[in-house]
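Colleague: Provided herewith is a single structure, encoded as structure tokens, for subsequent inquiry.
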Amino acid sequence: LELARVGGGGVHPSLNSHSIGLPPIVALGSETMKARIVPEVVNGEKISALAITEPSGGSDVANLKTTARRDGDHYVVNGSKTFI
């Protein structure tokens with residue numbers, strides 16, 4: 001973290017990416033997903049990230065407007081998405 005204080009701008013974000021990308025996997029992922037992904041991220045073999053594709057979402061994932069409702073064997077998704 002010393003490098004982040006002297007202008008190593010990528011150091012801090014690269015270390016912090018795990019604090020935003022990994023928690024949803026740990027909290028909501030299946031046991032199979034967690035067993036496959038978490039050890040590789042913790043060991044530094046992979047990185048985790050979170051991409052928000054709702055135009056007005058910014059980084060506020062708790063305030064997204066898109067909804068999904070089950071319709072038989074499928075889901076109907078209503079909302080706007082942006083390619084990032």
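Results for (1) exposed (fewer than 11 other Cβ atoms within 10 Å of the Cβ); (2) within 23 Å of residue 22 (Cα to Cα), shown as yes or no for each residue.
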{"position": "38", "(1), (2)": "no, yes"}
{"position": "41", "(1), (2)": "no, yes"}
{"position": "45", "(1), (2)": "yes, yes"}
{"position": "50", "(1), (2)": "no, yes"}
{"position": "57", "(1), (2)": "no, yes"}
{"position": "64", "(1), (2)": "no, yes"}
{"position": "79", "(1), (2)": "no, no"}
{"position": "83", "(1), (2)": "yes, yes"}
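Results for (1) at pLDDT below 85; (2) part of a loop (DSSP other than H, G, I, E, B); (3) touching a Pro at 6+ places or on another chain (Cβ under 8 Å), shown as yes or no for each residue.
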residue: 19; (1), (2), (3): yes, no, no
residue: 23; (1), (2), (3): no, no, no
residue: 26; (1), (2), (3): no, no, no
residue: 38; (1), (2), (3): no, no, no
residue: 46; (1), (2), (3): no, yes, no
residue: 50; (1), (2), (3): yes, yes, yes
residue: 56; (1), (2), (3): yes, yes, no
residue: 84; (1), (2), (3): yes, yes, no
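The values are calculated or read from the model by the stated rules, or taken from the named source; none is laboratory data. This one's a predicted model, so the numbers in the text were calculated from it and none came from an experiment. Note that each Cβ is placed from the backbone with ideal geometry, even for glycine, and that neighbours are counted across all protein chains shown.
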